[in-house]
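A.B. asks: The structure follows.
The values are calculated or read from the model by the stated rules, or taken from the named source; none is laboratory data. These figures come from a predicted structure and were not determined experimentally. A quick note on method: Cβ atoms are made from the backbone with ideal geometry, for glycine too, and the neighbour counts reach across all protein chains shown.
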């Protein structure tokens, strides 16, 4: 037989758990979303580049996210980093993502 007699205290405790849990989950989700957005920051918007900039990036297969973890723009000798996770590429003469990659990648010396 189950105990159907609830005290007010138990009822309030159980009633507060759900909203409190929801608030905690929402806060954790917001933190993860900000971290994901920072990790996937887009430094180069291909839509707003001129045709010459687009062409050189396309010919060198530039991507904002390197498929090779140890061959990123941030580890390339042609990359000049900035504080926001972006930087400038000497080959492109323009913006590049530190997490990016292209076919002209060359290790920093």
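A.B. asks: When segment 72-103 is examined, which residues are found to be in contact with a strand residue (DSSP E or B) (Cβ under 8 Å, 6 or more places away or on another chain) and outside any strand (DSSP E or B)?
C.D. replies: 72, 73, 74, 75, 77, 78, 82, 85, 90, 98, 100, 102
A.B. asks: Which of the residues spanning segment 55-71 are under 14 Å from residue 43 (Cα atoms) and either out of contact with any strand residue (DSSP E or B) (no Cβ under 6 Å at 6 or more places or on another chain) or in a loop (DSSP other than H, G, I, E, B) (or both)?
C.D. replies: If the condition is that a residue be under 14 Å from residue 43 (Cα atoms) and either out of contact with any strand residue (DSSP E or B) (no Cβ under 6 Å at 6 or more places or on another chain) or in a loop (DSSP other than H, G, I, E, B) (or both), then 57, 62, 64, 65, 66 are the ones that fit.
A.B. asks: Would you check which residues across segment 25-54 are over 20 Å from residue 83 (Cβ atoms) and either modelled with pLDDT of 65 or more or assigned to a loop (DSSP other than H, G, I, E, B) (or both) and list them?
C.D. replies: 46, 47, 48, 49, 50, 51, 52, 53, 54
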